[in-house]
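A quick write-up on the structure given underneath.
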Amino acid sequence: MRPHATGTGGVGRRKAGAAAAAASREWMVVPASGPARVEEAGKHAVMARTGLPARDLRVLDPLLSYPSTILGRERAIVVNLERVKAVITAAEVLLPNSKDPAFARFVRDLQTRVLASSSDQAADLTDMEGESSAVASPFPVPNSSKGHELEMTKKSTTVVPEMTSSTSMPNLAAAKDGNVKVLPFEFRALEVCLESACRSLEEETSTLEQEAYPALDELTSKISTLNLERVRQIKSRLVAISGRVQKVRDELEHLLDDEMDMAEMYLTEKLTQQEISEASSRVEVDDPSQTEEDRDEDYRSEPDGSNGSFIGYKPHIEELEMLLEAYFVQIDGTLNKLSHLREYVDDTEDYINIMLDDKQNQLLQMGVMLSTATVVITAGVAVVGLFGMNIGISLYDPPTTEEETRVANMKFWETTLGTVAGCVILYIVAMGWGKRSGLLQ
């Protein structure tokens, strides 16, 4: 029995190891400062590092099809826009690693944008490159991950902790470089994601336009099976791209309509406010001159920053709102281009249908004319059939003299020409009646 138990344990360990290997995957980590690096981690490690639930991480699964989504959570922003899949925190961006050339381009753009946003960050980068390259931090972050994020956000943005009143928030949005206000790290990373998604959709739209308009014009000049197949494929691509652009536009519109969702994305501000609240709590505890009632009153008057939610606080979301509006206008312009192309396709289809209807009407008229001619000719054939019957009449008697021969020839030609003339007259009368009644053009 003991060898059997040992074998079962080995199978269980192998299954557990296989499950762990299947759960782990490579992630490209782009910090607020320093070079990007590739780390391998499982789902639970990412959940511990970002504070995200498992259902939010499923949005980033490449094997599953999810619509375009931007989710603001307590400590991270989940972005799923076209090919861009990222988890943005206040200190770094986590990207599912890929060998796609477009992914490498996106990582380069992301590093360039987050590192070259201000001269202060460029100076800090020189001091921190050695530290960030030397630290090969394991992916499962301990409970001090919030402190790590807060430290990184302090290095990336200058905090101005000025309290205007007990019900207003300090100005913690960003640092200033001269007169230019630098966005927080999470917004700079979000901007790169939006720019990459919008640029990708714009490039696909431009390519489709370059192929569609000449193909539609060629179809109007020559209707053929090959041209119809090309236009059918173009229309299928147009419907697919329009649906994807519409989903991105709807997601941006949803965020712009919900202020609390946008406020949830201020990760740097929430972390800084949490530190201020904790520092204030420590000062209140250490102050012996303050009574318990005063402490309770101050606690009730201050916003709750322990869990990142601010009760009764209306957030200042102008920066994020302007950022989202800029890309909303861009994606709306792309959607307008696709709408114009769709209208052009519909107009071409209407024109083709009109041409086909006209051809069909011409064929119908030709059929009516041929049918009328057949009826008229049938009348002439009836006359010929009457004279061809095998009956004995004097008209069929052979001529015996030259005069009778001449008379017989005259009667033949009179009968033949009369029959033909009668058929022609009947055809003309039938055509005239058809045009007069509107059946023919």
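Any residue in the range 25-43 that is open to solvent by less than 40 Å² (accessible area, probe 1.4 Å) and under 21 Å from the mean Cα position of the chain (by Cα)? Step through it out loud before you land on a result.
Initial filter on the range 25-43 (open to solvent by less than 40 Å² (accessible area, probe 1.4 Å)): 27-34, 36, 39, 41-42.
Still in the running and under 21 Å from the mean Cα position of the chain (by Cα): none.
No: zero hits.
For beta carbons closer than 9 Å, sequence separation of 6+ or different chains, a first residue in the range 25-48 that is closer than 17 Å to Phe103 by Cβ and a second that is among the acidic types (Asp, Glu) and open to solvent by less than 50 Å² (accessible area, probe 1.4 Å), the qualifying pairs are Glu26/Glu39; Trp27/Glu39; Met28/Glu39; Val29/Glu39; Val29/Glu92; Val30/Glu92. Would you say Glu278 is at pLDDT below 85, in contact with a Ser or Thr (Cβ under 9 Å, 6 or more places away or on another chain) and open to solvent by 50 Å² or more (accessible area, probe 1.4 Å)? When the stated conditions are applied, Glu278 passes them. Here is a list of conditions, (1) touching a helix residue (DSSP H, G or I) at 6+ places or on another chain (Cβ under 6 Å); (2) open to solvent by 20 Å² or more (accessible area, probe 1.4 Å); (3) over 18 Å from Leu320 (Cβ atoms), and Gln246 meets all of them except one; can you say which number that is? Here Gln246 meets the rest and fails (1).
Looking across the range 59-115 at every residue that is of a type in the set (S, T, N, Q) and within 17 Å of the chain's Cα centre (by Cα), the one that is most open to solvent (accessible area, probe 1.4 Å) is identified as Ser65. Answer yes or no: is there a residue in the range 307-325 that is modelled with pLDDT of 55 or more, out of contact with any Leu (no Cβ under 7 Å at 6 or more places or on another chain) and of a type in the set (Lys, Arg). There is no residue in the range 307-325 that is modelled with pLDDT of 55 or more, out of contact with any Leu (no Cβ under 7 Å at 6 or more places or on another chain) and of a type in the set (Lys, Arg). A Cβ distance below 9 Å, combined with a sequence gap of six or more or placement on separate chains, defines the contacts here; from the range 89-106, residues that are farther than 20 Å from Lys270 by Cα and assigned to a helix (DSSP H, G or I) reach no residue that is open to solvent by less than 10 Å² (accessible area, probe 1.4 Å) and modelled with pLDDT under 85. Can you spot a residue in the range 225-241 that is open to solvent by less than 30 Å² (accessible area, probe 1.4 Å) and of a type in the set (Gly, Ala, Ser)? No, because not a single residue in the range 225-241 is open to solvent by less than 30 Å² (accessible area, probe 1.4 Å) and of a type in the set (Gly, Ala, Ser).
The values are calculated or read from the model by the stated rules, or taken from the named source; none is laboratory data. Only a predicted model underlies this, so the values are computations on that prediction, with no experimental measurement involved. Positions of Cβ are backbone-derived with ideal geometry, glycine not excepted, and every protein chain shown enters the neighbour counts. For the accessible areas, the whole protein counts, side chains as well, though only heavy atoms, and no ligand, DNA or RNA atoms are used. Shrake-Rupley method; radii C 1.70, N 1.55, O 1.52, S 1.80 Å.
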